[in-house]
1. What is the sum of charges, Lys and Arg at +1 and Asp and Glu at -1, for the other residues whose Cβ falls under 15 Å from the Cβ of A:Ser88?
2. With a 1.4 Å probe on protein heavy atoms only, work out how much accessible surface A and B bury together, total over both chains, in Å² to the nearest 100.
3. Quick one: helix A:121-140 against the long Cα principal axis of chain A, what's the angle to the nearest 10°, folded into 0 to 90?
4. Which is the longest part of chain A that has none of the chymotrypsin sites (Phe, Trp or Tyr not before Pro) sitting in a DSSP loop with at most 10 other Cβ atoms within 10 Å?
5. Tilt of helix B:63-73 relative to the longest C-alpha principal axis of chain B, in degrees (0 to 90, nearest 10)?
6. How high is the relative contact order of the range A:27-112, in percent, counting Cα pairs under 8 Å that sit 6 or more residues apart?
7. Could you give the dipole magnitude of the range B:2-86 about its Cα centre, charging the beta-carbon of Lys and Arg +1 and that of Asp and Glu -1, in debye to the nearest 20?
8. Percent relative contact order of chain A, based on C-alpha pairs within less than 8 angstrom and at least six residues apart?
Amino acid sequence: MNAIEQMQITGAKIYCEIPLIPGAPFGLDKLIISEAQVNSWIVILLVTILCIVLTRGMKVRPASRRQIIAEFLVEKASNFVRENMGESFASFAPFIAALMALSAFSSLMSIFRLYAPTSDLNTIAGWAILVFFMITYYKIKGGLGGYLKSFTQPIFILTPFNIIGELATPISMMFRHFGNIVSGSVIMTLIYAALSVLSAAVFGWLPGFLGQFPFFQVGIPVVLSAYFDIFSGLLQAFIFAMLTMMYVSSAAEDGEAAAEARRAKKLRRQNKKIIQED
Amino acid sequence: MMENAIVLAGSAIGAGLAMIAGIGPGIGEGYAVGKACEAIGRQPECKGSVTSTMLMGCAVAETTGLYGFVVALLLLFVTPNMFLGKL
């Protein structure tokens with residue numbers, strides 16, 4: 001039963017703590033450097049190196065395979081954003097592509113049995129809060145009064161529910177991504193432990209090292225890993241980007257509708273004044 | 001000792017009950033995939049868009065199940081530490 005004792009499902013390991021302000025609330029008293037942070041730095045480095053390598057020595061006429069790949073990726077990303085958000089949001093393509101790349105590479109780290117930064121809630125909470133701020137910005141852009149008034153629609157009694165609904169957006173986004181990745185890694189951990197117990201039961205009578213070697217762990221987890229690590233991780237990156245685009249573009253539409261309504265009201269008032277003056 | 005046992009048993013049972021939330025998304029996603037297969041069978045040329053829409057819908061429908069999963073994780077790994085530290 002050694003394998004069961006060795007099996008552990010924990011959060012990110014904490015490497016070190018840097019003291020900041022003694023006795024400050026909200027966790028401001030110390031800066032925690034955890035496994036998730038270090039691994040996400042590795043992901044950021046990887047993505048940056050990939051971008052630099054792909055875009056080195058670009059020419060007007062693509063001569064290298066690298067440049068063709070880079071152009072293909074950029075074109076795909078910008079078409080994807082244009083299709084889903086409209087022409088006016090074409091400048092969003094780099095942000096969405098960066099989000100997708102970070103999420104995909106982070107989730108793919110678990111193939112190498114490294115701690116995926118996306119299986120830490122804090123990483124995804126950061127992205128979801130960023131998206132929430134963007135949504136709120138585009139809603140307020142159409143006018144702060146209209147934004148606040150939209151909470152009392154259709155009747156003012158529903159205000160608390162509307163506020164909860166507004167806060168549920170980032171929470172559901174982060175729990176969706178986190179839950180998918182963590183459930184995959186929990187199942188993979190359980191399967192590795194079960195396979196090592198099974199191989200200890202079957203091959204335990206072999207002498208020495210051969211008796212302890214987990215033969216069943218070779219090859220069998222690949223099938224499940226393909227689904228839980230690769231497919232699920234890439235799908236979640238896609239979904240997160242897709243939802244970001246949908247929420248932001250619908251928020252911008254709401255904001256524009258509010259601004260339009262305000263402009264129409266102002267015009268009507270001016271017309272009325274002109275008519276009264278006449 | 002008794003209190004520890006009660007807390008551990010309660011969180012384990014609660015985690016099991018929380019995972020009942022997995023039934024709903026299972027049925028829902030199965031239904032969605034069935035409908036997508038029907039649509040592809042009727043119009044094989046729009047397989048790509050049907051598949052991507054279906055995956056998107058499945059991932060969104062999965063959220064309620066994942067809430068249950070997160071609650072189960074909290075009950076298994078957070079609640080015992082929180083209470084047993086105090087007991």
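1. Result for the local shell: -4.
2. Working: alone 18060 and 6080 Å², together 22860 Å².
Protein heavy atoms only, the A-B interface buries about 1300 Å².
3. 10
4. Details: sites that count: A:Phe26, A:Trp205.
Of all site-free stretches, the longest is A:27-204.
5. 20
6. Relative CO of the range A:27-112 lands at 29 percent.
7. Dipole of the range B:2-86, to the nearest 20 debye: 40 debye.
8. Normalised by residue count, the contact order of chain A is 23 percent.
The values are calculated or read from the model by the stated rules, or taken from the named source; none is laboratory data. Fair warning: this is a prediction, and the values are worked out from it, not measured in the lab. Virtual Cβ from ideal backbone geometry, glycine too; neighbours counted across all protein chains shown. Just the protein is used for accessible areas: all its heavy atoms, side chains included, with ligands, DNA and RNA removed. Shrake-Rupley method; radii C 1.70, N 1.55, O 1.52, S 1.80 Å.
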